[in-house]
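Worksheet: the structure to be examined is printed underneath.
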Amino acid sequence: MSKKLNRWYDHGEGKGGNVIDLICLITKGTVKEALKLIEQDLTSLSFQQRSILKENDDDKIIVTKIKPLTHVGLKEYLKFRGISISTANKLIKEVHYDFKDGNYFAIGLQNKSRGWELRNKYYKNSSSPKDITCIRNGNEKLVVVEGMFDLMSLMEIDKKLSAKYDFLVLNSTAFVEKAVKFIITYRSVVLYLDNDANGKRTAQKLMRHANNCEDKSVLYEGFKDINGWLIYSAKKGFGQGARDVFLLPQKQTRFTPGGRKEEKK
């Protein structure tokens, strides 16, 4: 919650608003009832008296340089995550930035508001403003993922993915409402979201709002996300044959953590 802006946001539920909205949510009451509570100046709901979030410019990430990927440390990190440099160069940049009293660098994916999602071996950051990333390739079909490594993993598995799909990277599951407005313009949408409670909840929300969505997370069941499956398959030497099976939409197969392919019943 921002005291300065008088706004709050629940990143888990993807909901936000002003103090009145928050009172209505907590009390399950009406706007009229919320206004009455404010007039009564109840201590338990006096949000203006609480320092919930300190606004501090020193905590902001300041991007200082954007360049093609060259740093050996970032290349090694991509290799560790199962991503080739040729695949990464289609999507990301090397981003240098200042944060507090330090200088850092990371691979960066730019969002539609020109902020950056930043990843390296040690940190997961983002510069403001935070937003979804939309990549239009002129197709009628759309791939939706949570983060940059999910998309790079799919691009690594299918080198021609951009010829068949446009891409939407949520960058945060809080952006479900923004995603809905984007996905309804497509003929079909495939969801490669995380295999956790938040990912499942996000997939359900998207499918409730748009009947053109298909949840593909069963293909990497047993793994947190598609990148986890990619790393494991590389270590086990599944090879391109396994990747081809993974990509076939008509196949109801999946690979378990034990490496055994099993038929879905």
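The values are calculated or read from the model by the stated rules, or taken from the named source; none is laboratory data. Remember, predicted model here, so these are calculated numbers, not experimental data. Note: ideal-geometry Cβ built from the backbone for every residue, glycine included; neighbour counts use all protein chains shown. Accessible surface is based on the protein model in full, side chains and every heavy atom, while ligands, DNA and RNA are left aside. Shrake-Rupley method; radii C 1.70, N 1.55, O 1.52, S 1.80 Å.
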Working only within segment 93-110, note down all residues that are open to solvent by less than 10 Å² (accessible area, probe 1.4 Å) and not hydroxyl-bearing (Ser, Thr, Tyr). GLU94, VAL95, ALA106, ILE107, GLY108, LEU109
Out of all the residues in segment 188-199, is one or more closer than 16 Å to ARG136 by Cα and touching a residue at least 60 places away in the same chain (Cβ under 8 Å)? no
Looking at this structure, is SER86 in a helix (DSSP H, G or I), modelled with pLDDT of 95 or more and surrounded by fewer than 17 Cβ atoms within 10 Å (Cβ to Cβ)? yes
Under 8 Å between Cβ atoms, which residue pairs at least 6 apart in sequence (or on different chains) link something in segment 215-236 that is farther than 12 Å from GLY199 by Cα and without any contact (Cβ under 8 Å) to a residue 60 or more places away in the chain with a partner that is assigned to a loop (DSSP other than H, G, I, E, B) and hydrophobic (A, V, I, L, M, F, W, C)? TYR232/PHE223
The conditions are (1) closer than 14 Å to ASN111 by Cβ; (2) part of a helix (DSSP H, G or I), and PHE167 fails exactly one of them. Which is it? (2)
Which of (1) at pLDDT 85 or above; (2) part of a loop (DSSP other than H, G, I, E, B) does GLY258 not meet, given it meets every other one? (1)
So, in segment 118-147, of the ones that are free of Cβ contacts under 8 Å to residues at least 60 places away in the same chain and within 18 Å of ASN103 (Cβ to Cβ), which residue ends up least open to solvent (accessible area, probe 1.4 Å)? LEU118
Selection over segment 148-170 where residues are under 21 Å from ASN212 (Cα atoms) and open to solvent by 20 Å² or more (accessible area, probe 1.4 Å) yields a count of 4
Consider ARG243 against the criteria (1) in a helix (DSSP H, G or I); (2) surrounded by 15 or more Cβ atoms within 10 Å (Cβ to Cβ); (3) modelled with pLDDT of 80 or more: it satisfies all of them except one. Which criterion is unmet? (3)
Hits in segment 171-187 (condition: open to solvent by 50 Å² or more (accessible area, probe 1.4 Å) and either outside any helix (DSSP H, G or I) or under 14 Å from VAL143 (Cα atoms) (or both)): ILE184, THR185, ARG187
